Amino acid sequence: MHEDSITKKIAPLLPPHLSSCLLNLPTQMLKSMEEIRLRSNSPLAISIGGLIVPLSLSGVITSISDAYIVLREDILYTLEMISRHSLFAFEEEIKNGFITISGGHRVGMCGKAIIEDGRIKNLRHISSMNIRIARQVKGAADKVLPYLINQKEGKIYHTLISSPPQAGKTTLLRDLARQLSYGVKRLGISPCKVAIVDERSEIAGCYEGIPQMDVGPYTDILDGCPKGQGIIMVIRSMSPQVVVADEIGKREDAEAILEAVKAGVAVITSAHSSNIDELFQRPVIGTLFKRSVFERIVFLSNKRGPGSLEMVLEGEKGLPLYTASRKGEC
Amino acid sequence: MFLRWGGAVLIVAAAYYMGLDKAKALQVRSSVLNQFQYSLGMLAMEINYGLTPLPTACKSLSNKVKAPVNSFYYSLYSKLENGAAKSMQEVWYMSLEEKKESMFLEKADLDILLPLGAVMNLEDRKGIIKHLYLAQAQLRQAFYNAEEKRQKMARMYIYLGLLGGMLLVIILI
């Protein structure tokens, strides 16, 4: 499925020679590929298992000196195809540095920022692209889910998921949304109304409003909307039981989460951090901790592959419910 | 005798048809310019308010405007979706070249329409809209001129065809 998405959704957007290079890659490599990186006048590269490897035009891993050098025309062609020849329609996305394509994959881009009144107005002369391959791992939340549910009361805890970048926060959030939406029989949870506020189109990977990932039958997605406003909007309009949002960090996000908690809606969200101390020191997260908003804190890492569950903490007292080293439940 | 009169009728009919055809070309051009003027306004709306990607906008326009301009927009849509060209500029140019004869467009009309392909490649939405509105104003003027020409010339072409045919018959007989 994963490799199908690459060959059917990503390959047609690349110039024909790069597309055939991608199609020449062995299936195993396609399965584990995380990123495709195109930089003007630099080697074509893909990222596998956290390592960046240069590629030749025939689709073979090679040295930097023998790799295919990406031309500016290759970038422009890809940009035309990604934007469906309509850059104007993606002004807002380009301003944020990425476009979501069919299949839920995200294309990040860099170039020259055009500033107006101190704010980024647009990106011009786009010179590098990073095609991040979206991967749905169904069952990613199996291990953590029992810790996030109060089975006696049938309640879902307010949860914060934290990890360094690319350690599987979004994949876990997506699977939590999916499982809660379908309902989790073994834990006594019936299907829930879930709302995803997907500011960066990462969780559901919406393309033209349609989620490209399976996020469950009772999940509403507010795509591309700032989290602070979005959380309030969905609470008012969609009466969800669970709100899912990715990467909180602004004061508005914290205020919206407090509103959601007051409204009795379970909040599951995520934040970057490399360790617990760093997480508590972040101003917005710190504020939420002080007010004891989160009942469960989940830490992930890359130690045993992306999405390795390191620790689950009970929020108020900080008691560990699970630690990877002991694998013991308290 | 019968053959002679039969031939005369054929000559007059052919000449009349030629005149009619010329008059029709004037009428089609005038209608095409009007349709373009109308469709560019709709395209500007789609771009400005709907942020609609061009292939979708072109497909929608191909259902809304009259022939033969609808086939121009459908050609744009199919070429964009099939990846027939690298950019909107190329696709726009290719489709106009393909359809210009069936739309009876003159050089002055093409001078207004051709540059729009490059305009669509702009990143700046406001810039595209300004260019579209400018082209719309130019097309409006071109439409008035074409209408004036049609009113003056269309009937003349029909009469000229009919009378020219009759004159040829008289000369030949």
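The values are calculated or read from the model by the stated rules, or taken from the named source; none is laboratory data. Note that the coordinates shown come from a computational prediction; the quantities given were computed from them, not determined experimentally. Every residue, glycine among them, receives a Cβ derived from its backbone with ideal geometry; neighbour counts consider all protein chains shown.
When A:Ala204 is tested against (1) out of contact with any strand residue (DSSP E or B) (no Cβ under 6 Å at 6 or more places or on another chain); (2) in a loop (DSSP other than H, G, I, E, B), exactly one condition is not met: (1).
Among the residues of region B:66-74, not a single one is surrounded by 17 or more Cβ atoms within 10 Å (Cβ to Cβ), basic (Lys, Arg) and either modelled with pLDDT of 90 or more or not in a helix (DSSP H, G or I) (or both).
When the strands (runs of 3 or more DSSP E) confined to region A:92-184 are screened for residues that are of a type outside the set (Phe, Trp, Tyr) and under 20 Å from A:Glu35 (Cα atoms), those reaching at least 2 such residues are found at A:98-100, A:106-116, A:119-132. In the set (1) farther than 21 Å from A:Pro165 by Cβ; (2) surrounded by fewer than 17 Cβ atoms within 10 Å (Cβ to Cβ); (3) not acidic (Asp, Glu), the condition left unmet by A:Gly305 is number (1).
Per this entry, A:Ile82 is counted among residues that are within 14 Å of another protein chain (Cβ to nearest Cβ) and buried (at least 22 other Cβ atoms within 10 Å of the Cβ). Restricting attention to region A:85-114 and to residues that are β-branched (Val, Ile, Thr) and free of Cβ contacts under 8 Å to residues at least 60 places away in the same chain, the residue that is nearest to the other protein chains (Cβ to nearest Cβ) turns out to be A:Ile94.
When A:Phe98, A:Phe88 are checked against the criterion of being crowded, with 23+ Cβ neighbours inside 10 Å and outside the structural domain of A:Glu247 (by TED's automatic domain parsing), a single residue qualifies: A:Phe88.
Among residues of region B:147-173 that are acidic (Asp, Glu), those with a beta-carbon under 9 Å from a residue that is at pLDDT 85 or above and surrounded by 12 or more Cβ atoms within 10 Å (Cβ to Cβ) at least six positions away or on a different chain give the pairs B:Glu147/B:Ser30; B:Glu147/B:Leu33; B:Glu147/B:Asn34. The residue pairs whose first member lies in region B:104-131 and is outside any helix (DSSP H, G or I), whose second member is β-branched (Val, Ile, Thr), and whose beta carbons are closer than 6 Å, counting only pairs six or more residues apart or on different chains, are B:Phe104/B:Val28; B:Leu122/B:Ile128. The numbered conditions (1) touching a Gly at 6+ places or on another chain (Cβ under 8 Å); (2) at pLDDT 95 or above are all true for A:Phe280 except (2). Does any residue of region A:21-32 turn out to be in contact (Cβ under 8 Å) with a residue 60 or more places away in the chain, among the β-branched types (Val, Ile, Thr), farther than 24 Å from B:Met88 by Cβ and touching a helix residue (DSSP H, G or I) at 6+ places or on another chain (Cβ under 7 Å)? No: region A:21-32 contains no residue that is in contact (Cβ under 8 Å) with a residue 60 or more places away in the chain, among the β-branched types (Val, Ile, Thr), farther than 24 Å from B:Met88 by Cβ and touching a helix residue (DSSP H, G or I) at 6+ places or on another chain (Cβ under 7 Å). Every residue in region B:1-54 that is closer than 20 Å to B:Leu163 by Cα, crowded, with 19+ Cβ neighbours inside 10 Å and out of contact with any Lys or Arg (no Cβ under 8 Å at 6 or more places or on another chain), please. Correct list: B:Val12, B:Ala15, B:Tyr16, B:Gly19. Check region A:217-236 and report whether any residue there is crowded, with 23+ Cβ neighbours inside 10 Å and touching a Ser or Thr at 6+ places or on another chain (Cβ under 6 Å). Yes: region A:217-236 contains one or more residues that are crowded, with 23+ Cβ neighbours inside 10 Å and touching a Ser or Thr at 6+ places or on another chain (Cβ under 6 Å).
Out of the residues in region B:132-146 that are without any contact (Cβ under 8 Å) to a residue 60 or more places away in the chain and among the aliphatic types (A, V, I, L, M), which is nearest to the other protein chains (Cβ to nearest Cβ)?
Residue satisfying both the conditions and the ranking: B:Leu134.
Residues in region A:227-263 that are under 23 Å from A:Arg135 (Cα atoms) and not basic (Lys, Arg): A:Val242, A:Val243, A:Val244, A:Ala245, A:Asp246, A:Glu247, A:Ile248.
Look at (1) within 14 Å of another protein chain (Cβ to nearest Cβ); (2) over 30 Å from A:Lys303 (Cα atoms); (3) touching a residue at least 40 places away in the same chain (Cβ under 8 Å) and you find that A:Tyr68 fails only one, number (1).
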